[in-house]
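Just so it is clear, none of the values below were taken in a lab; they were calculated from the coordinates. Because the structure is predicted, anything quoted here is derived from the model rather than measured. Here the Cβ is made from the backbone with ideal geometry for all residues, glycine too, and neighbour counts use every protein chain on show.
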Ligand code: PEP
Ligand code: MN
């Protein structure tokens, strides 16, 4: 285990950490320079790493028993920042991605896009190929929707994120899409993960509704193993016994991921709650918990949306969300520019 202590730690605080290390009975040594103090212990696979991670002034802990290697935060790794030119994901600035669940028509796409763009959105979400639970539900306009997104992109300069279901479609995505989304239901699809790992395009990886943190990070590991380091994680709610929301937003995974991984993580309160009235409070909570941004479903006429109508927020609600999000971002030392 390697414990990196924050530079501002006092001698007493370093002593307290050392006392806990001594209690393990492991051999250890201390490295010190003007900036940091690092404690190295002999390997031990049974150690309660979380205890050390939670001690005051511990910056992070690296253990030898974590078997995901590339997504893991190691001593030299900087936080990953996804660079999309004039937009970045990760770092101090927060990103708000917004748009409809699905592309429904040229008119709908244009109405929603122009409205969210006016409020500062630079990345538009809109599903073309939809992974629906029921085969009788709207399945998306597929390739035709990608063509509409391409046209919109040319017209507006918006960046596009949309979900891929089948790696055979990658050829269409590479041309039009700025961020490829892997949905919750495909988080375990290793062939798809490997395929997007081999291309040089950012990937938004959504957590499956039944994935542990470890399984989630292993899926990201598959992508990084192929050479593609531009992965953004997304918490979108998990399935629990709680039935007043569609899923349960697991916000505690945000600090847990931040402790372990250098990858940015954003939150999708739309699929997490399934109800438009809960989107603003959960968005604010997500920012407060350290998320690097939000992905939100917005519709100009939510009641008429072809998919996920109950969770799409109205344009006025989105405007309010942006105002409040800015305040919370500032309160936690982050920036939200729009
Ligand atoms: C979506 O973003 O439209 C979607 C289907 O999300 P998820 O994969 O999280 O259910
Ligand atoms: Mn949706």
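Extension gain, residue 31 to residue 48, is 3.9 nm, computed as 0.36 nm per intervening residue step minus the present C-alpha separation. Relative contact order (percent) for the chain, with alpha-carbon contacts under 8 angstrom and 6 or more residues of separation? Value for the chain: 16 percent. Most simply put, the chain has about 40% antiparallel DSSP beta bridges, counting only bridges with both residues inside it.
Here the spin labels are modelled as points 7 Å beyond Cα on the Cα-Cβ line, and at residue 134 and residue 107 they lie 2.5 nm apart. For residue 7 and residue 288, a Förster radius of 22 Å and the Cβ-Cβ distance give a FRET efficiency of 0.30, rounded to the nearest 0.05.
Where the centroid of each part is defined by its Cα atoms, how far is region 184-249 from region 49-119 in Å? What the calculation gives is 12 Å, centre to centre. Semi-axes of the equivalent ellipsoid of the chain are 38, 21, 18 Å, computed as sqrt(5λ) over the eigenvalues of the C-alpha gyration tensor in descending order. Mean residue ellipticity at 222 nm, helices only, the chain: -10000 deg cm²/dmol; runs of at least 4 DSSP H residues each add -39,500 (n - 2.57), and the sum is divided by the number of residues. Fewest neighbouring Cβ atoms within 10 Å first, the residues 169, 50 line up as 50, 169.
Between residue 119 and residue 144, the distance separating the two model label sites (each 7 Å from Cα on the Cα→Cβ line) works out to 2.9 nm. Could you pull out which residues in region 219-238 have an amide N less than 15 Å from a spot 7 Å beyond the Cα of residue 78, following the Cα-Cβ vector? The answer is 230, whose backbone nitrogens lie closer than 15 Å to the label point. Projected label points at residue 332 and residue 240, each 7 Å from Cα along the beta carbon direction, are separated by 1.7 nanometres. Among 187, 282, the order by Cβ neighbours within 10 angstrom, fewest to most, reads 282, 187. Counting every C-alpha pair in region 2-62, the share spaced more than 17 angstrom apart comes to 28%.
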